[in-house]
Amino acid sequence: MRVVGCFLEHDNQFVLVHRHSHKVDGDTWGLPSGKVEPGESDDEAIQRELYEETGYEAELSEFEKLGAFDFTTPRGDTVTYVTYRLTLKALHYIVLEEAAHSEYKWTTVEDADKMDDLIHGLHDLFRLVNYIK
């Protein structure tokens, strides 16, 4: 499975979204992210997912691709997680996708790394993209 996710950043913080408890990986915090649909490019998918999950309508030129990383989920599935960064010039009011998420927060990577309720693999991702050395 191929998934895209984005560090939506502003003023040395980024957005985490909290998944509803009844969803897969529920009651966890993660980046705005989602599956790449059939026939969709990674770039198209991240543009769509960021809008669906935060309400931010980005131009493709705003994204910086940080890399693609393979993870094994707790269920044993292999996921290729294509990671992007988008740095906002001004703070954006987040509009959540209510069917998927219950809340959001802006946080630093240092504070997020201390959380014990992050989605599987996010602690590792911080290191893979060199946010934490």
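The values are calculated or read from the model by the stated rules, or taken from the named source; none is laboratory data. It should be emphasised that the depicted structure is a prediction, and the values quoted were computed from it without experimental measurement. Glycine also receives a Cβ, built like all others from the backbone with ideal geometry; neighbour counts cover every protein chain displayed.
What the table below lists for this structure:
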{"read-out": "The range 94-114, residues that are among the aliphatic types (A, V, I, L, M) and within 13 Å of residue 31 (Cβ to Cβ)", "value": "94, 100, 109, 112"}
{"read-out": "The range 92-127 - residue that is among the acidic types (Asp, Glu) and closer than 13 Å to residue 14 by Cα and, of those, nearest to the chain's Cα centre (by Cα)", "value": "113"}
{"read-out": "Listing of strands (runs of 3 or more DSSP E) fully contained in the range 21-111 that carry 3 or more residues being touching a residue at least 40 places away in the same chain (Cβ under 8 Å)", "value": "64-72, 78-87, 101-107"}
{"read-out": "Test: residue in the range 48-68 that is touching a Phe, Trp or Tyr at 6+ places or on another chain (Cβ under 6 Å), exposed (fewer than 13 other Cβ atoms within 10 Å of the Cβ) and either β-branched (Val, Ile, Thr) or within 19 Å of residue 9 (Cα to Cα) (or both)", "value": "yes"}
{"read-out": "Inter-residue pairs, beta-carbon under 9 Å, first at pLDDT 95 or above and in the range 117-133, second polar (S, T, N, Q), 6+ apart", "value": "117/28; 118/28; 122/28; 125/83; 128/83; 129/83"}
{"read-out": "When residues of the range 34-80 are limited to those that are closer than 13 Å to residue 1 by Cα and of a type in the set (S, T, N, Q), the one nearest to the chain's Cα centre (by Cα)", "value": "80"}
{"read-out": "Number of the exception - residue 40 against (1) under 23 Å from residue 126 (Cβ atoms); (2) charged (D, E, K, R); (3) at pLDDT 95 or above", "value": "(1)"}
{"read-out": "Residue within the range 73-81 that is of a type in the set (Phe, Trp, Tyr), surrounded by 17 or more Cβ atoms within 10 Å (Cβ to Cβ) and more than 22 Å from residue 24 (Cα to Cα) present", "value": "no"}
{"read-out": "Residue within the range 16-26 that is surrounded by 12 or more Cβ atoms within 10 Å (Cβ to Cβ), touching an Asp or Glu at 6+ places or on another chain (Cβ under 7 Å) and under 20 Å from residue 129 (Cβ atoms) present", "value": "yes"}
